[in-house]
Amino acid sequence: MAEDGGRGAAASPGASARFVRCLYAVGFLDLFGVSMVVPLMNLHIKSLGASPTVAGIIGSLYGIMQLFSSTFVGCWSDIVGRRYSLLACILLSALGYFILGMSTTVYLFAISRVPVGIFKHTLSISKALLSDLVSERDRPLVMGRFNAASSVGFILGPVVGGYLTELKDGFYQTSFICASIFLLNAGLVWMLPWNEENTGNGKHKQGKKRTDSITAKPNCDLQLKSVTNGTVAIDSPFQSPWVQIVTVLKRIKEIACSDLWDIFLVRLLMSVTILLYHSNFSLALEERFGVKPLFSGYLMSYSSSLGVLAGCLLGPITRLYQHNTYRLLLHSSTFTCTLILLYASALSIWMVILSSTFLAFSTTIGRTCIIDLELTIGGNEASGTLLGVGQSVTSVGRIIAPLLSGVAQEFSPCGPPSLAVALALVAILIMNVNKQKYCSSGNVKLKNQ
């Protein structure tokens, strides 16, 4: 059997399960390394003599690069294959953090953010790869576990980074360690048991079946079309760059002309809803209840830990809903809306703690379900493109939310969560209006299972 990129392994259920577990490790290492450095970056650029305006501009440029690059990189991964695109993203991100470790001037600091801003899409490509590997029925479970593993890294990283920064030249050491973690991640990706049946990279042979009850997807489901509405599949990442660019643009046009606008609009509205809830959380608690920032930090860490638990519980929850992603998304969004309303109207800190506890579960479930719904209705043929567009939509939310939060806070500390409730209600309304589409197009209840 032909092998992807010269490395492969027998397509066995055990190999598939190991592959998925290794991808959990990739997600953990990625956010562990990033979260070591990111909380320290504002302090570092200030120590380099940058004004708050310059620091803000550099941060905004990074966000803008992420906004435009996520769709292109996701689509590119559909064309050249997950292995090469994932390796390229990890190695170029490592280069960015290596330059950051040598940034003794604001100019070098800004340069270091360019490769990271363009190519830091490890998690999106990993999710697309998981989507290629597993059946639709098991996808929410696997995605939830992947998000949980990544979240653990995001929780532990700031602790390690805070300790390292206390050392002499601590920021530079932390940046180099982060780059080293990315290189370790690249090595892990390189050693994965790659083969074409795993990656779904356009040359699957009919008739060979895999039987892993959790992660394996039958070949008839796993096979990705090499030609999608006139686009040409690229068998090698070393094909002409112009051919790759043209194919990327064609696939992006197909997504833009599709009828997925309502799903992406729901994702945008719910993303802004959650961002508004978090936007002034510490300040609002201090103004409303006289709570110190330290307590707010403990409460946010508590919520993050519960989010990890929620990711691990997605399997039983999806089985309870008979794998109906639409219904689970609708209920989790409604629950999120209700809990944010409870937080906005809370009369005591205990009501805030209660709402934060359950919000950790509803938001984690909602994020996983919206991704699963995108892939179910959009199809696996362009999973990288779909996830890339979804990430771009989330980036738009990150740009819009601070502005909306600032305006809402002019009226009341409860302004941002109150506006979040209104946006969540609009998202719920859109889901109800398009209920028939979600339940028939692609059949969220999984016809093929």
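Quick notes
- Just one residue in the set I155, I125, I118, I111 is more than 30 Å from T53 (Cα to Cα) and either out of contact with any Pro (no Cβ under 7 Å at 6 or more places or on another chain) or without any contact (Cβ under 8 Å) to a residue 24 or more places away in the chain (or both); that residue is I125.
- Restricting S69, S60, S93 to those that are in a helix (DSSP H, G or I) and surrounded by 22 or more Cβ atoms within 10 Å (Cβ to Cβ) reduces the list to S93.
- Qualifying residue in region 403-418 (condition: open to solvent by 30 Å² or more (accessible area, probe 1.4 Å), under 29 Å from S126 (Cβ atoms) and either part of a helix (DSSP H, G or I) or free of Cβ contacts under 8 Å to residues at least 40 places away in the same chain (or both)): no
- Condition met for T368 (among the β-branched types (V, I, T), at pLDDT below 90 and in contact with a helix residue (DSSP H, G or I) (Cβ under 6 Å, 6 or more places away or on another chain)): no
- Of all the residues in region 161-175, those that are surrounded by 16 or more Cβ atoms within 10 Å (Cβ to Cβ) and part of a helix (DSSP H, G or I) number 7.
- Remark: G144 matches the filter, which requires a residue to be assigned by the TED database to the domain that holds P193, touching a Ser or Thr at 6+ places or on another chain (Cβ under 6 Å), open to solvent by less than 10 Å² (accessible area, probe 1.4 Å) and closer than 18 Å to S304 by Cα.
- The number of residues in region 343-358 being within 26 Å of C312 (Cβ to Cβ) and either open to solvent by less than 10 Å² (accessible area, probe 1.4 Å) or free of Cβ contacts under 8 Å to residues at least 24 places away in the same chain (or both) comes to 6.
- Close contacts from region 279-302, counting a first residue that is more than 14 Å from Y343 (Cβ to Cβ) and a second that is open to solvent by less than 60 Å² (accessible area, probe 1.4 Å) and part of a helix (DSSP H, G or I), with Cβ to Cβ under 6 Å and a gap of 6+ residues or different chains, come to P293/S282.
- Set S175, S124: member being in contact with a Ser or Thr (Cβ under 7 Å, 6 or more places away or on another chain) and modelled with pLDDT of 90 or more: S124
- Of all residues in region 129-170 being of a type in the set (G, A, S) and more than 22 Å from I181 (Cα to Cα), the one that is modelled with the lowest pLDDT: S135
- Test: residue in region 417-435 that is touching a Gly at 6+ places or on another chain (Cβ under 9 Å) and modelled with pLDDT under 90: no
- Every condition in (1) of a type in the set (G, A, S); (2) over 21 Å from L275 (Cα atoms); (3) open to solvent by 10 Å² or more (accessible area, probe 1.4 Å) is met by S392 except one, and the failing one is (2).
- Filter result (surrounded by fewer than 22 Cβ atoms within 10 Å (Cβ to Cβ), more than 12 Å from I365 (Cβ to Cβ) and more than 22 Å from the chain's Cα centre (by Cα)) within region 308-342: R319, Q322, T338, L341, L342
The values are calculated or read from the model by the stated rules, or taken from the named source; none is laboratory data. Computed from a prediction, not measured in an experiment: that's the story for all the values here. All Cβ positions, even for glycine, are placed from backbone atoms using ideal geometry, and neighbour counts span all protein chains on display. All accessible areas refer to the heavy atoms of the entire protein, side chains included, with ligands and DNA or RNA removed. Shrake-Rupley method; radii C 1.70, N 1.55, O 1.52, S 1.80 Å.
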